[in-house]
Amino acid sequence: MKTNERADPDFAIGGRTFASRLIVGTGKYRTNAEMVAAIRASGAEMATVAVRRVDLDRSREEGILHHLDPAEFFLLPNTAGCYTTSDALRYARLGRAAGLSDWVKLEVIGDERTLLPDNAATLEAAAELVADGFKVMAYTNDDLVAALRLEDAGCVAVMPLASPIGSGLGLVNPYYIREIKRRLTVPVIVDAGVGTASDACATMEQGVDGVLMNTAIAAAEDPVRMARAMKLAVRAGRDAYLAGRMEAREIAVPSSPLAGMLD
């Protein structure tokens, strides 16, 4: 019997509600069949598609879009691989023109070695895309000021990184992620750096609204099993956050009361 259970608000982005707080990518899989099986095992409803890296012709069987049914998955175009504002704008608009969506996961990379985002270019692109009618989910550093500016620009979600793209290092700066979540009113979705299920769980325990991942699933030895583990980890982390963890102490405290003990 559930008692005094803290209500979990809907996971709503840009006026649309999702049951799963896990968002997944579609790159790096060994086969298209493996990709679809892993996405289904993850329970994710939203999957990102890199406009610059995929064949936008759905009729070609070798392309990933041929295998992703828009009735089953909400496809989120992204601007992965873009290093300038103009490129990000171009590929966001190309995705919309190809019939994918007027939503976009906005990425503008600032450094080729670390793949860290260019916050100034991201903000510039976000403002223009919002003015052009896009629902922008913006990838950024774990930088509170940048996150606040992106919210002010009209983004429907802000997506700070856990650690660099594809690194698998997990959540490097939990304090900054918690502070971003505390200060923003739009959904905060941690994107990039999650390597395994414990990373996903720890990230969700910070109170964020969701997690986006790709490499952690696609590069696993068994992507379908890892996808299932990630689904459970995201749920566990969310439940742990809502439950409210015990206070951490540096001394032992007996779990059973001392009063009334038998001699």
### Query
Does A216 meet the test of being surrounded by 24 or more Cβ atoms within 10 Å (Cβ to Cβ), modelled with pLDDT under 95 and of a type in the set (A, V, I, L, M)?
no
### Query
Are any residues in the stretch 115-138 open to solvent by 50 Å² or more (accessible area, probe 1.4 Å), in a loop (DSSP other than H, G, I, E, B) and at negative phi, and if so, which ones?
L116, D118, D132
## Note on the structure
Scanning the stretch 21-37 for residues that are aliphatic (A, V, I, L, M) and farther than 10 Å from P223 by Cα gives L22, I23, V24, A33, V36
### Message
I want to confirm something. Restricting to the stretch 81-101 and keeping residues that are assigned to a helix (DSSP H, G or I) and aliphatic (A, V, I, L, M), which single residue is farthest from the chain's Cα centre (by Cα)?
### Response
A97
## Note on the structure
Filter the stretch 20-30 for residues that are over 16 Å from N78 (Cα atoms) and at pLDDT below 95; the one that is surrounded by the fewest Cβ atoms within 10 Å (Cβ to Cβ) is R30
### Task
Hey, can you tell me all the residues within the stretch 65-80 that are surrounded by fewer than 21 Cβ atoms within 10 Å (Cβ to Cβ) and in contact with a Phe, Trp or Tyr (Cβ under 8 Å, 6 or more places away or on another chain)?
F74
### Summary
Within the stretch 40-58, the residues that are modelled with pLDDT of 90 or more and either on the phi < 0 side of the Ramachandran plot or surrounded by 21 or more Cβ atoms within 10 Å (Cβ to Cβ) (or both) are R40, A41, S42, A44, E45, M46, A47, T48, V49
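The rows are residues; the columns are (1) assigned to a loop (DSSP other than H, G, I, E, B); (2) touching a Leu at 6+ places or on another chain (Cβ under 9 Å); (3) of a type in the set (S, T, N, Q).
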residue: M159; (1), (2), (3): no, yes, no
residue: G166; (1), (2), (3): yes, yes, no
residue: I189; (1), (2), (3): no, yes, no
residue: G193; (1), (2), (3): yes, yes, no
residue: A202; (1), (2), (3): no, yes, no
residue: M230; (1), (2), (3): no, yes, no
residue: R235; (1), (2), (3): no, yes, no
residue: L242; (1), (2), (3): no, no, no
residue: E250; (1), (2), (3): yes, no, no
### Residue tally, condition in contact with a Phe, Trp or Tyr (Cβ under 9 Å, 6 or more places away or on another chain) and open to solvent by 20 Å² or more (accessible area, probe 1.4 Å), over the stretch 82-100
2
### Task
Specify the residue that is nearest to R21 (Cα to Cα); the eligible residues are those in the stretch 224-242 that are hydrophobic (A, V, I, L, M, F, W, C) and open to solvent by less than 20 Å² (accessible area, probe 1.4 Å).
V234
### Message
If I go through the stretch 168-187 residue by residue, how many of them are part of a helix (DSSP H, G or I) and either under 14 Å from the mean Cα position of the chain (by Cα) or of a type outside the set (V, I, T) (or both)?
### Response
9
### Task
Within the stretch 159-168, identify whether any single residue is surrounded by 24 or more Cβ atoms within 10 Å (Cβ to Cβ) and not aliphatic (A, V, I, L, M), and answer yes or no.
yes
### Summary
Checking E5, E34, E72, E62 in turn, the sole residue that is more than 23 Å from M159 (Cα to Cα), in a loop (DSSP other than H, G, I, E, B) and within 21 Å of the chain's Cα centre (by Cα) turns out to be E72
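The values are calculated or read from the model by the stated rules, or taken from the named source; none is laboratory data. What you are looking at is a predicted structure, and each value in this text was computed from that prediction instead of being measured. Counting neighbours? That spans all protein chains shown, and the Cβs are built from the backbone with ideal geometry, glycine included. Surface areas here come from the heavy atoms of the whole protein model, side chains and all, with no ligands, DNA or RNA. Shrake-Rupley method; radii C 1.70, N 1.55, O 1.52, S 1.80 Å.
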